[in-house]
Each structure stands twice: as structure tokens, then as C-alpha cells.
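All remarks here apply to the structure that follows.
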Amino acid sequence: MRFVNTMAFLLVAIGAYAQDPDEPIENYDSWNGLAANLAYLCWAVGLLVALGYYIKLSTTKGSKEKYDFINKYEISSLWIAVIILIIGGCFFANAAITHLTPVLIGVRIFVTAAMGLIVAVIVQNLLKFYYPFYIEKRLKVLRYMPRISPKTGKPMKLLSEEEEDAYLDEGMQAEENVFSVDYDVWKDEETGFIQIEKYAGHLHALQCPECNYQTFKVVKEEILKQPTDTEEGEIVKHYLCGYCGYKAKKSVILKQQNKMEQSTAPA
């Protein structure tokens with residue numbers, strides 16, 4: 001709705017400029033030229049936004065840094081670029097006017113805004129429901145790309161869930177147990193150098209088993225039983241699809257507290 005109102009305001013304002021009382025009513029050369037120039041300007045700005053993002057990405061060093069940058073900015077940057085390009089297309093579609101009446105002004109505003117809105121909704125859905133599949137593949141490659149040790153210059157080893165607990169404090173392990181944060185621990189086996197990377201536990205949606213869109217997210221976590229020194233705990237994760245509304249839940253076992261304490265003991 002905001003997009004429609006913006007387009008309507010722009011077209012009405014510039015349409016008023018086109019109907020200069022000093023010009024013949026049938027002469028729209030000034031408006032056509034202005035609309036074409038605004039279209040080219042919008043297209044240039046939209047392309048620069050997209051290009052600027054990819055230049056910044058290409059100059060970002062480190063797999064983890066690239067991971068965070070893509071996850072935080074890619075979809076929003078592309079969405080901004082698309083909106084600017086669509087606005088440019090709306091101006092270009094009205095850059096060849098030969099006849100105009102008050103009725104035609106209203107028709108043009110409505111048709112232009114409607115077509116722009118339709119294109120915007122289509123692209124928004126693509127970015128929201130389909131594009132995450134592509135991003136997820138790229139992020140997975142970046143996350144598990146071997147890290148290079150600053151000590152030896154050699155690839156480090158990614159520790160397993162069991163191995164990494166020896167290098168995570170109790171607070172970090174608690175974060176992982178409630179799935180709010182996920183930690184990756186890389187180790188240089190030659191020097192013992194450790195690199196810990198932090199990832200959001202619910203950063204990305206899963207593929208919904210009902211509609212197959214990647215919109216299946218954890219919306220609630222319910223701890224049924226706290227882990228103790230002698231017994232395991234249990235947590236239930238509640239999932240909801242943001243597209244079709246499909247709901248599901250999954251039970252996850254939390255390991256015993258004494259196992260956590262042993263894993264953090266110094267070697």
C-alpha cells in the first residue's frame with residue numbers, strides 16, 4: 001500500500017508539472033523527457049545498490065565475515081535495488097505520452113501503481129520463499145570451509161559436537177542446549193590453537209514438509225525436564241511454517257549436567 005501511495009504521489013506531482021499552463025495541452029515533450037530521465041536515474045541507482053553490495057561482499061575477508069555479511073544484508077540490499085528498479089520502470093512506462101485527460105491521468109496512475117505492486121509482490125515472494133534455498137547453500141559452503149591457522153598457515157580441524165565441549169564454557173554450552181546459539185570450534189592440531197565461531201541457532205528456516213517452502217521455523221521451546229547430574233533432560237521444539245501454517249513439534253534430549261562439567265575440565 002505504501003508503494004502504491006508513493007507512486008501515485010509521484011505521478012500526480014510530476015503530471016502537474018507536465019501540464020504547464022504556458023504550454024499547449026497536447027505538448028508532453030517536457031514530461032516525457034523528464035520521466036525518461038527519472039527512469040534512467042532510478043535504474044542506475046538500483047544497479048549501483050546491487051553492485052555496491054557485491055563489491056563490498058567481494059572485498060570482505062574471511063569465511064565467517066562473508067557468512068555474516070550475506071546473512072545480514074543480501075536479501076535487504078536486493079529488495080531495495082528491486083524497488084528502485086520498479087519505480088524506474090513505472091516512470092519509463094509513462095515516458096511516451098501523446099494524449100492525456102483527467103480520466104486518463106487516473107487510469108495511468110492506477111495501472112502503473114497496480115503493475116508496479118504486482119511485480120514488487122512477485123519479487124518479494126521470490127526473495128522470501130525461494131531465494132533462501134540459494135543463500136543457504138552458499139552459507140553452508142562458507143561455514144564449513146576449512147579455516148587456516150594463523151600460527152602455521154595450515155587448514156584446521158572442525159571439532160565434533162562432543163569434542164568441542166572441551167573448549168566451550170558452561171554458558172556457551174547452555175546456549176547450545178537451548179538452541180539459541182550454535183558454536184563451531186576449529187583446532188590447529190599442530191599448535192593447539194583454537195578458533196571459536198558463533199552462529200545464531202535459529203538463523204535460518206527449514207524446508208516445510210507440507211508446502212516445501214523454506215519457511216519452517218522454531219517459534220517456541222518448552223523445557224519439559226531440566227537435566228541433572230544423574231538424569232538427562234528433555235526439551236520440545238515447536239515449529240510453524242510462515243507460509244502454509246503447518247505446525248509440528250520435536251522432542252530433543254538434553255545431556256546430563258555432569259557430562260557437561262566433565263567436558264569443560266582442563267585436559
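The values are calculated or read from the model by the stated rules, or taken from the named source; none is laboratory data. Quantities reported herein were computed from a predicted structural model and do not represent experimental measurements. All Cβ positions, even for glycine, are placed from backbone atoms using ideal geometry, and neighbour counts span all protein chains on display. In case anyone asks, the SASA skips ligands and DNA or RNA and just uses the protein heavy atoms, side chains included. Shrake-Rupley method; radii C 1.70, N 1.55, O 1.52, S 1.80 Å.
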Determine which member of the set Ser77, Ser58 is among the small types (Gly, Ala, Ser) and surrounded by 12 or more Cβ atoms within 10 Å (Cβ to Cβ). Ser77
Quick one: how many residues across the range 126-167 are open to solvent by 60 Å² or more (accessible area, probe 1.4 Å), more than 28 Å from the chain's Cα centre (by Cα) and among the charged types (D, E, K, R)? 5
Helices (runs of 4 or more DSSP H) contained in the range 91-164 and holding at least 2 residues at pLDDT below 90, more than 22 Å from Gly46 (Cβ to Cβ) and among the charged types (D, E, K, R): 131-144, 161-164
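Look at the range 216-234 and say how many of its residues are of a type in the set (Ser, Thr, Tyr) and open to solvent by 60 Å² or more (accessible area, probe 1.4 Å). First the steps, then the outcome.
In the first step, residues of the range 216-234 are kept if they are of a type in the set (Ser, Thr, Tyr); the result is 228, 230.
Those still in the list that are open to solvent by 60 Å² or more (accessible area, probe 1.4 Å) too: 230.
Here the count works out to 1.
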Determine the pairs where a residue that is without any contact (Cβ under 8 Å) to a residue 40 or more places away in the chain, located within the range 98-126, has a partner that is surrounded by 13 or more Cβ atoms within 10 Å (Cβ to Cβ) with Cβ atoms under 8 Å apart, the partner being 6 or more residues away or on another chain. Met115/Cys90; Met115/Ala93; Val119/Ile86; Val119/Gly89
All but one of (1) more than 13 Å from the chain's Cα centre (by Cα); (2) modelled with pLDDT under 95 hold for Lys56, so report the exception by its number. (2)
